[in-house]
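The values are calculated or read from the model by the stated rules, or taken from the named source; none is laboratory data. Model, not experiment: these values are computed from the prediction. With ideal geometry, Cβ positions are generated from the backbone for all residues, glycine too; neighbour counts draw on all protein chains shown. With ligands, DNA and RNA removed, areas are computed over all heavy atoms of the protein, side chains included. Shrake-Rupley method; radii C 1.70, N 1.55, O 1.52, S 1.80 Å.
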Amino acid sequence: MTPPRRQPARRRAAVLATVPVAVAALLGAAGPTAPGTTGAPGAGDPYFPLSGNGGYDVRHYDLTLRYDTSSRDLDATAVLTARATQRLTRFDLDLAGLKVTAVTVDRAKAAFRRAGQELVVTPRHALRAGQEFRVTVAYHGTPKPVTDPDGSADGWIPTDDGAFVAGEPQGAMTWFPANAHPKDKASYDFTITVPEGRTAVANGVLLGQRTAHGRTTFRWRETQPMAAYLATASIGRFQVQRYTTRDGIQVYNAVDAREARAAAPALKKLPSVLEWESKLFGPYPFRAAGAIVDHAPDVGYALETQTRPVYDSAPDLDTLVHESAHQWFGDSVTLTAWKDIWLNEGFATYAEWLYDESHGGRSAQQAFDSLYARPASDELWDYPPGDPGSGENIFGTPVYARGAMALHELRRAVGDRDFFRILRAWATGHRGGHGTTAQFVTLAEKTSGKRLDGLFHTWLYTRGKPDRP
């Protein structure tokens with residue numbers, strides 16, 4: 001994600017606020033391993049305590065969406081295939097707003113109730129630990145974005161011709177019922193019906209589209225594991241470009257005509273950017289790539305939605321490099337706690353530095369020096385990137401810039417040979433899975449043969465401006 005350009009006065013109204021940790025504790029958000037037969041209403045993340053749920057893992061989402069761009073009404077059905085990780089007499093799904101009309105578990109009608117962002121489901125029969133089950137939720141309404149702790153909006157954000165759909169960190173629940181924490185990744189199918197003349201773009205590969213009776217249905221599939229916040233179903237009047245790279249990656253670009261001319265120079269470089277990043281980080285982790293370039297002036301950011309980042313306006317080359325790097329760092333290798341978000345944003349920011357360095361721009365050392373010259377009172381030093389302290393800070397300057405500085409200090413400490421071996425081993429060794437800061441430190445020490453705990457402590461976990469390296 002590119003850092004939000006804060007525009008508080010232009011933000012749309014939220015459907016709910018982040019629930020404080022104390023409230024979550026009262027609700028029993030003890031994490032997925034809570035004892036008993038009731039799945040926890042949260043995954044145990046201290047920054048977003050009701051994000052995700054306990055007691056099960058989702059294997060696959062099959063989402064059928066019908067959106068009216070005039071009324072902004074959504075009529076939808078979600079089918080979740082999941083496996084119980086404990087005996088369950090009740091479990092939660094994350095779903096904000098929207099009216100639920102029916103829930104079934106393995107085709108049997110299930111009882112349900114709403115509790116804030118939680119859809120609480122009671123199946124007719126208890127689910128055994130290890131049992132695979134299927135939940136079907138029928139729902140409708142007018143989806144609205146959620147306001148995050150930093151004041152930015154995410155989720156289903158209406159535009160003048162459709163919707164900009166970007167779910168980091170908690171917006172997935174604004175348009176489909178989910179186990180909406182990055183710990184739980186799944187494959188996805190999307191069937192999206194929109195008025196004829198609109199295009200609906202989701203993740204993965206386009207399986208087909210069909211127009212009848214004034215509406216067009218698009219079918220998309222993402223087979224690789226994906227966190228819920230990386231799902232999209234963006235809709236608009238898009239110009240579409242499709243091609244296959246020489247590496248066999250299927251590219252699908254959808255661009256609002258108002259942004260087409262400005263977006264063309266960066267999008268033209270997408271194949272070469274992916275090829276360059278593949279040489280550094282290992283093979284591109286997905287079958288598909290591309291971009292959704294919307295005209296959404298109220299949004300203020302871009303997001304690395306898996307396989308196909310969504311941009312609120314025409315991206316420049318640095319932004320394209322950043323969001324493309326996230327396909328390795330953040331999408332394929334996904335964090336397990338939001339406090340580790342530097343593993344996403346610090347890495348994608350450093351990819352920008354590396355790209356500039358290797359394409360005739362300033363060196364990574366020059367980028368580092370420029371940042372280090374900032375006074376101790378600058379926001380860059382406000383909090384440590386390895387644990388920003390709250391959800392309000394996860395998209396702040398320290399996470400991006402000081403996170404990148406930490407990687408540069410690692411590079412200086414271990415040398416280029418080992419540094420680039422570390423980056424590649426991180427991306428390939430955790431491909432399709434998850435990673436933590438502790439695991440990255442262990443990998444760096446094992447690869448380099450050096451003790452690096454002091455370096456990481458200084459650059460990731462120490463408040464204030466570190467001494468001159």
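A few comments on the model shown:
- Residue selected from segment 201-211 under the condition more than 17 Å from Ile292 (Cα to Cα) and in contact with an Asp or Glu (Cβ under 9 Å, 6 or more places away or on another chain), by the criterion surrounded by the fewest Cβ atoms within 10 Å (Cβ to Cβ): Thr211
- Residues that are farther than 18 Å from Val205 by Cα, touching a helix residue (DSSP H, G or I) at 6+ places or on another chain (Cβ under 8 Å) and either basic (Lys, Arg) or surrounded by 17 or more Cβ atoms within 10 Å (Cβ to Cβ) (or both), drawn from segment 253-273: Ala266, Leu267, Lys269, Val273
- One residue stands out in segment 100-120 among those that are under 26 Å from the mean Cα position of the chain (by Cα) and aliphatic (A, V, I, L, M): the one that is farthest from Gly55 (Cα to Cα), namely Val100.
- Odd one out for Gly55, checked against (1) among the small types (Gly, Ala, Ser); (2) buried (at least 23 other Cβ atoms within 10 Å of the Cβ); (3) within 21 Å of the chain's Cα centre (by Cα): (3)
- Segment 433-469 - residue that is part of a helix (DSSP H, G or I) and among the aliphatic types (A, V, I, L, M) and, of those, most open to solvent (accessible area, probe 1.4 Å): Ala438
- Test: residue in segment 199-213 that is assigned to a loop (DSSP other than H, G, I, E, B) and of a type in the set (Lys, Arg): no
- Criterion applied to Gly167, Gly155 was being touching a Phe, Trp or Tyr at 6+ places or on another chain (Cβ under 6 Å) and at pLDDT 95 or above, and the one residue passing it is Gly167.
- Segment 278-332: number of residues that are in contact with a Pro (Cβ under 8 Å, 6 or more places away or on another chain), part of a loop (DSSP other than H, G, I, E, B) and under 21 Å from Ala425 (Cβ atoms): 5
- Count of residues meeting criterion [open to solvent by 10 Å² or more (accessible area, probe 1.4 Å) and over 27 Å from the mean Cα position of the chain (by Cα)] in segment 124-142: 7
- Total residues in segment 398-432, condition open to solvent by 40 Å² or more (accessible area, probe 1.4 Å), touching a residue at least 24 places away in the same chain (Cβ under 8 Å) and assigned to a helix (DSSP H, G or I): 5
- Breaking point among (1) among the small types (Gly, Ala, Ser); (2) in contact (Cβ under 8 Å) with a residue 40 or more places away in the chain; (3) not in a loop (DSSP other than H, G, I, E, B), for Ser370: (2)
- From Thr223, Thr232, Thr191, residue being out of contact with any Asp or Glu (no Cβ under 9 Å at 6 or more places or on another chain) and in a strand (DSSP E or B): Thr223
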